[in-house]
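Asks: One structure, pasted below without further comment.
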Amino acid sequence: MDDTPQEITSLVGREVYSNNGVFVGEVEDLRLNVGGEAVTGLALGNLNYTLFGNDVTTARGVIVPYRWVRAVGDVILVTDVVERVKEPDEEEEEIVA
C-alpha cells in the first residue's frame, strides 16, 4: 500500500459509492477538526436523490461522517448509506438524546 501523504483537497471531486456499488454523490468539500488535525466528514453534492428521498430535497447536499469511509482510491467507498439513512446510528441517537 502506498503511504505517500496526499493533500486532502485531492478528495474533492471524487465520486462516492456505497460498498454495494451504489452511487451516493460527489465530494464537494470536507469537514475538518482543525484542532485534532483530522477529516471528520465529506460534504457531498450531485447526490443520488433516490437514496435519500424526501430527506434532502430542499438541501444542497449531505455530510457523510468520515468514519463511514471504507476505502479511498479513484473513488471513495462508504458503508451502505441506504441502511444508515433509514436506521440512524445508535451512537448518533445517544448524542442527540
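Asks: Between Glu7 and Asn20, what is the label-point separation in nm under the 7 Å Cα-to-beta-carbon projection?
Replies: Label at Asn20, label at Glu7, 3.7 nm between them.
Asks: Further, regarding this structure: Pop a pseudo-label 7 angstrom from the Cα along the beta-carbon direction at both Val75 and Asp29 and give the gap in nm to one decimal.
Replies: Going by the 7 Å Cα→Cβ label model, 2.6 nm.
Asks: On to the next question. Once both labels are modelled 7 Å past Cα along the beta-carbon direction, what's the Arg67-Asn46 spacing in nm?
Replies: 2.9
FYI, it's all coordinate maths here, none of it is from the lab. All values reported here derive from a predicted model rather than from experimental measurement. Positions of Cβ are backbone-derived with ideal geometry, glycine not excepted, and every protein chain shown enters the neighbour counts.
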